[in-house]
Amino acid sequence: MTTLQPWIAEFDSVRRSLVDMGAKRLIHQAHLKRLNERRFDDGTGIVHRWMQESYADSMLMGLRRILDNNRGSFSLVRLLGNLERNAALFSFDGYLKLWVGQQADIDEEFARALYTRYSTDGKTINRRRIQEDVKALLVRGKTVLRYVNTVVAHDSASVVNSTPAVAITWADLDKLFDEVTALFNKYYGLVRPGVHVDFAPVLPAGFEQAFNRMIEGPANQRMEPTRH
């Protein structure tokens, strides 16, 4: 278990980042719900638009960091790449010992069944499976990453010889975030067996009333869509 402590710490660091993003998404969704497609003609609409733009930029940059594959970066993609290169550390025997160290009771057959998510022989990690999971995630996130690189971050290296960024929607952000967290939970189970992280935290009671107070007023028409 001692050998895996650095891995546990790194996975937990990524988890904290994703939990923070999940909280932002929950607040954003509550905000959109309270807007109820209203249009603000008294000037207050700029505040709501700024909140949406700030959320979008924060989520886009957060997802970019999580999916960054550049050397020296700390991201889920780089973490899984390191895991793949150190697959020998994550044998079933080690996985079982780790489980025993974290759980009061252990059903070896259940642990073996969970381990099949990572293994084809039941004894060692299938490195190709990790590679395929990461590749599939990067392919699915390509549109969002191109958008954040060229529109939000204005990355000159990405702009040169790049095709124009395709407009994205809130649904695109939600989908990519869900795919990222699903992949995280899959491999988090290697260092914290049996643990599944809920990335939709419960916000304190009363936060919805704050949006109601902001939105109350004469406006009752449809709100114009933002650039996201």
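The values are calculated or read from the model by the stated rules, or taken from the named source; none is laboratory data. None of these values were measured; they are calculated from a predicted model. Positions of Cβ are generated from backbone atoms using ideal geometry, with glycine treated the same way; all protein chains shown enter the neighbour counts.
Brief remarks on what is shown
- Residues (in contact (Cβ under 8 Å) with a residue 60 or more places away in the chain, surrounded by 16 or more Cβ atoms within 10 Å (Cβ to Cβ) and either assigned to a loop (DSSP other than H, G, I, E, B) or more than 15 Å from the chain's Cα centre (by Cα) (or both)) located in the stretch 70-88: Ser75, Leu83
- Every pair of residues 6+ apart whose Cβ atoms lie under 6 Å, when the first sits in the stretch 7-36 and is under 26 Å from Ala88 (Cα atoms) while the second is not hydrophobic (A, V, I, L, M, F, W, C): Phe11/Tyr188
- The criterion of being loosely packed, with under 15 Cβ neighbours inside 10 Å and modelled with pLDDT of 65 or more holds for Ala182.
- Taking the listed residues Val139, Val134, Val166, Val151, the one that is of a type in the set (Val, Ile, Thr), closer than 18 Å to Met59 by Cβ and modelled with pLDDT of 80 or more is Val151, with no other qualifying.
- One residue stands out in the stretch 111-134 among those that are part of a helix (DSSP H, G or I) and surrounded by fewer than 12 Cβ atoms within 10 Å (Cβ to Cβ): the one that is farthest from the chain's Cα centre (by Cα), namely Ala113.
- Selection within the stretch 54-69 - more than 18 Å from Thr181 (Cα to Cα) and exposed (fewer than 15 other Cβ atoms within 10 Å of the Cβ): Ser54
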